[in-house]
Amino acid sequence: MIDDSELARNTEKKAAGRAAADMVEDGMVLGLGTGSTVDFFLRALAERIRDGLDVRGVPSSERTAMRCRDLGIELTDFKATDTFDLTIDGADEIDSAFQMIKGRGGALLREKIVAASAQKVVIIVDSTKLVDRLGSVAVPVEVVRFGHERVVRRLETQGVKCALRMAGDIPYTTENGHYYLDCDFGLIANPPAIQARLMATAGVVETGLFVGMCNVLIIGRGEETVVKRRGN
Ligand code: 5RP
């Protein structure tokens, strides 16, 4: 059963998804993020494709790949190209400097790769995702399975609360064969410093802190959108 606040958020996600689809130009290669907001974007993109738009996309997850197949969006991969015109993705939190926490949907590593491969990254969110400071949600950290207990202990001795993400009774395993630690840093004063600290820990593959990657932010507000560009 979907409640009123969920309905309102979906209206905003849909508006943001449609606005991002309107930014896509004929012939573009797209990086395709993952999540419910991206799903709205894919539906709007599929409508434009039915009207004649010619684009291809590299999906950041099996979920997105499956949605694209269902919607008739042509897929491509890194063998064919490694520079995308645009990557479109969602976020779990984003601040006024466009720093983000991503990865609650479990796809952060591939999302970071498709974002890093794009000339422009467009982030689409409902208005609840905007924060003054990152950290109300845990930072997902993708770790290799071997020795992940050591990573947990090292972070915990630094005062970070870590939870191994579970899928029922077993650890959640990413499409890359890794585990996820959801790490609670509290409110984060300096995201690049936390990113550097995490990446310096042996066994950490990537983190859900995305810094300096978003160029354009589209926020759904009711049925309208607000578009912000980095540097403006
Ligand atoms: C998945 C992500 C998503 O972009 C993020 O979780 C936002 O998802 P949603 O649009 O469903 O709120 O990072 O790994």
Those residues of the range 118-162 whose amide nitrogen sits under 19 Å from the label point placed on residue 200, 7 Å along Cα→Cβ: 141-142, 150-161
Whole-percent pair-distance distribution, where bins are 5 Å wide, for the alpha carbons of the range 139-206: 3, 17, 31, 27, 14, 6, 1
Hey, could you get me the Stokes-Einstein D for the chain, Kirkwood radius over alpha-carbon pairs, 4 °C and 1.567 mPa s, rounded to whole µm² s⁻¹? 72 µm²/s
Pop out the ³J(HN,Hα) list for the range 110-121 in order, Karplus 6.51 cos²θ - 1.76 cosθ + 1.60 with θ = phi - 60°, rounded to Hz; leave Gly and Pro as x. 5, 4, 5, 5, 5, 5, 5, 8, 9, 5, 9, 10
Past 27 Å, Cα to Cα: identify those pairs from 13/79; 14/161; 79/228; 120/161; 14/228; 161/228, in the order given. 13/79; 14/161; 79/228; 120/161; 161/228
Karplus-derived 3J(HN,Hα), 6.51/-1.76/1.60, for each residue of the range 213-230, Hz, glycine and proline x: 10, 8, 9, 10, 10, 10, 10, x, 10, x, 8, 9, 9, 10, 10, 10, 10, 4
Loop-located chymotrypsin sites (Phe, Trp or Tyr not before Pro) in the range 109-214 whose Cβ has at most 10 other Cβ within 10 Å (DSSP): 146
Just to be sure I understand: if I project the alpha-carbon convex hull of the range 50-109 onto a plane and average over all orientations, what area do I get in nm²? 5.5 nm²
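Values quoted throughout were computed directly from the atomic coordinates according to the rules given, and no laboratory measurement underlies them. As the structure is a prediction and not an experimental result, all values here were calculated from the model. All Cβ positions, glycine included, derive from the backbone under ideal geometry; neighbour counts span all protein chains shown.
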